[in-house]
Amino acid sequence: MSEVLIVLIKIICALVWLLALTLYLTWVERKESAVIQDRIGANRADILGIRIIGLFQPIADAIKFVFKEDFTPRFSKKYLHTLAPFISFFFVAVTISAIPFGDVLRIGGREIKLLILDFNVGLLFVLAMLSLGIYGIILGGWASNNRYTLLGGMRGAAQLVSYEVALGLSLVGLIMVYPSLNLSSIVHAQGELLFGWLPKWGVFLQPLGCLIFFFAALAETKRVPFDLPEGENEIVGFFTEYSGLKWGLFMMTDFMEVLIISTLLITLFFGGWQVPWMSADGFHFPWGAQVLLPHGIVVLFQVLAFNLKVFFFCWLQILIRWTYPRFRYDQVMDLGWKLLIPLSLANIIGTGIIMSI
Amino acid sequence: MIKALGYFIEIIRGSIITTRHFVVNMFFHILKVLRIKTKKKGAVTIQYPEQKREIASRHRSLHRLMTREDGKPRCVACMLCATVCPSECIYIEAGEDPDPEIQKYPAKFIIDLSRCCFCGFCVEACPEDAIRMDTENIEFAEYSRQELIYDLDKLLG
Ligand code: SF4
Ligand code: SF4
């Protein structure tokens, strides 16, 4: 009974974390883009005259979405049209279940792992769920029964399928280095030290793999340098025929993908919840100094480190989104098929050679 | 290959520019939160309804009709403004003035501001300097089009 309760609490915590951060990522995006462009950004939403630099903006947006008319065009396929946003939302949201937020937490003789699903194929599960998200886009584009949404859906499918290959291949080298598909044991392996001082993070062992993964993952999020499925100045995109809360779901999915990509990137390449030189009982610095910490503080540090890393990569992705113009379609395909995939294959071969020496 | 490398360098340079803007602006924003006064600001935004931009001296804003010393409109209903108006939004009905010096006066003078494009041609066409666009009033939005039809009283205002 208490096992079920613990799992339930974990699920609720992870969902709240994910949804709250997604909601506020919209605010961060608006503010960060404003700061980059010498503006101020959304700062007017207030409750009883209290503004706090526009922190209520996401709430106002959410309320607006709820009360907007949910319009389903007469010519659309109603059932699929309604299903599509939920599919794309669900398959992105469910990936959070395999991401470790921290190591084990010991309360009252019980060991609680700070992740929802600890299974041996965690990495495959995450990749599979991310690729299933394509169905949301294709369905949305197809069921709207509009030429432009169909074009957007097809573009999205083509782009995601091509980058899926690079995404998967870039991780093969990583799986060879940490021989495991279990996300929590990958993170554990990253806690060790290389040459006695460098944390054994994926980015140091697999720099090329990390770069390829990041590019491919950026393409997976369908945001600006790779926003061909949306392409608002040419085809308006696969969610043209959506409005109200259903469109809001598509938008939430976009931001959630940014978050998920960040968590995946840090879990695989930047040590997940690992704080450099910190093990289960405190800091052990390479120059010999030691700071021992109680268990609770250590877990807190781990969760904090996880969050900080996630925030950094969200920031980076938003920066990229507000720096670059959109690629042309053939450039996207060239980058995917002619550069990233050969590079990731070379990475696998190189890793194999180095490991066998 | 070398060309592609060149693009890559440009891509990095682009992100350095945006990062620089972010860091510099963030620095000034944080100074502002800490209530440290600086000459430079983190944003160039003018917070419109509270802060207003200075209106240039050559601006064009809401029309007004000029008056003579006795308070009557200076307009002689020559219709030049109504003729030159590209939006055809000026409607004038002339009336006869007993003063032989004046002869005509506008019995009705209506500008439909919902159609006016603020080109200022009416001001330039007027031989009597009877119409001007220098009220500095640029905030006269209304909820209905009816309220944007300004008649003689409102224009003499
Ligand atoms: S400003 Fe231009 S459009 Fe407006 S009333 Fe005068 S002539 Fe017509
Ligand atoms: S051009 Fe001047 S004088 Fe002639 S009708 Fe217009 S406002 Fe009156």
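Calculated FRET efficiency, residue A:291 and residue B:118, Cβ-Cβ r, R0 45 Å, to nearest 0.05? Efficiency computed from Cβ-Cβ geometry: 0.05. Name the residues of region A:83-97 whose amide N is less than 14 Å from a point 7 angstrom out from the Cα of residue A:113 along the C-beta direction? The answer is A:97.
Here chain B is treated with +1 on each Lys and Arg Cβ and -1 on each Asp and Glu Cβ, and its dipole about the Cα centre works out to around 1920 debye.
In this label model, residue A:337 and residue B:68 are separated by 8.3 nm, measuring between points 7 Å along each Cα→Cβ vector. Among the trypsin sites (Lys or Arg not before Pro) in region A:1-80, those placed in a DSSP loop whose Cβ has at most 10 other Cβ atoms within 10 Å are A:74. Report the calculated FRET efficiency for residue A:304 and residue B:60 (r = Cβ-Cβ distance, R0 = 56 Å), to the nearest 0.05. Here the calculated transfer efficiency is 0.45. Treating each Cα of chain A as an identical point scatterer and ignoring solvent, apply the Debye formula and state log10 I(q)/I(0) at q = 0.08, 0.09 Å⁻¹. Computed log10 I(q)/I(0) values: -0.43, -0.55. The average projected area of region A:89-134, computed from the convex hull of its Cα atoms over all directions, is 3.5 nm². Taking every DSSP helix (H) stretch of at least 4 residues in chain A, weighting each as -39,500 (n - 2.57) and dividing the sum by the residue count yields a mean residue ellipticity at 222 nm of -20000 deg cm²/dmol. The distance between label points at residue B:137 and residue A:53 comes to 4.1 nm (points 7 Å beyond Cα on the Cα→Cβ vector). Close amide-amide hydrogen proximity is noted between residue A:112 and A:105, A:106, A:107, each under 5 Å apart and 5 or more residues distant or on a separate chain (H modeled in the peptide plane; Pro and chain starts excluded). Computed from Cα positions, the angle between helix A:122-132 and the longest principal axis of chain A comes to roughly 10 degrees. The length gained on full extension between residue B:128 and residue B:101, counted as 0.36 nm times the residue separation minus their Cα-Cα distance, comes to 8.4 nm. In this simple spin-label approximation, residue B:153 and residue B:48 carry label points 7 Å from Cα along the Cα→Cβ vector, and these lie 3.1 nm apart. Charged neighbours of residue A:7, selected by a Cβ distance under 15 Å, balance to 0 (K, R count +1; D, E count -1).
For region A:64-356, the relative contact order works out to 25 percent when only alpha carbon pairs closer than 8 Å and six or more residues apart are counted.
Remark: the residue B:7-residue B:37 segment gains 6.7 nm on full extension, using 0.36 nm per residue and subtracting the alpha carbon distance. A cysteine counts as unpartnered when no other cysteine's C-beta lies under 4.7 Å of its own; in the protein assembly as shown this applies to A:13, A:210, A:314, B:75, B:78, B:85, B:89, B:116, B:117, B:119, B:126.
Within region A:24-115, the GluC sites (Glu not before Pro) that combine a DSSP coil assignment with at most 15 other C-beta atoms in a 10 angstrom radius are A:69.
For region B:67-157, chymotrypsin sites (Phe, Trp or Tyr not before Pro) are listed when DSSP marks them as loop and at most 16 other Cβ atoms sit within 10 Å of their Cβ; the list is B:118, B:140, B:143. In order along region A:337-347, the phi-based Karplus estimate (6.51 cos²θ - 1.76 cosθ + 1.60, θ = phi - 60°) of 3J(HN,Hα) comes to 7, 9, 10, 5, 5, x, 5, 5, 5, 4, 4 Hz; Gly and Pro are listed as x. Whole-percent P(r), region A:1-128, all Cα pairs, 10 Å bins from 0: 10, 25, 26, 27, 10, 1.
No value in this document is a laboratory result; all are computed from the given coordinates. These figures come from a predicted structure and were not determined experimentally. Here the Cβ is made from the backbone with ideal geometry for all residues, glycine too, and neighbour counts use every protein chain on show.
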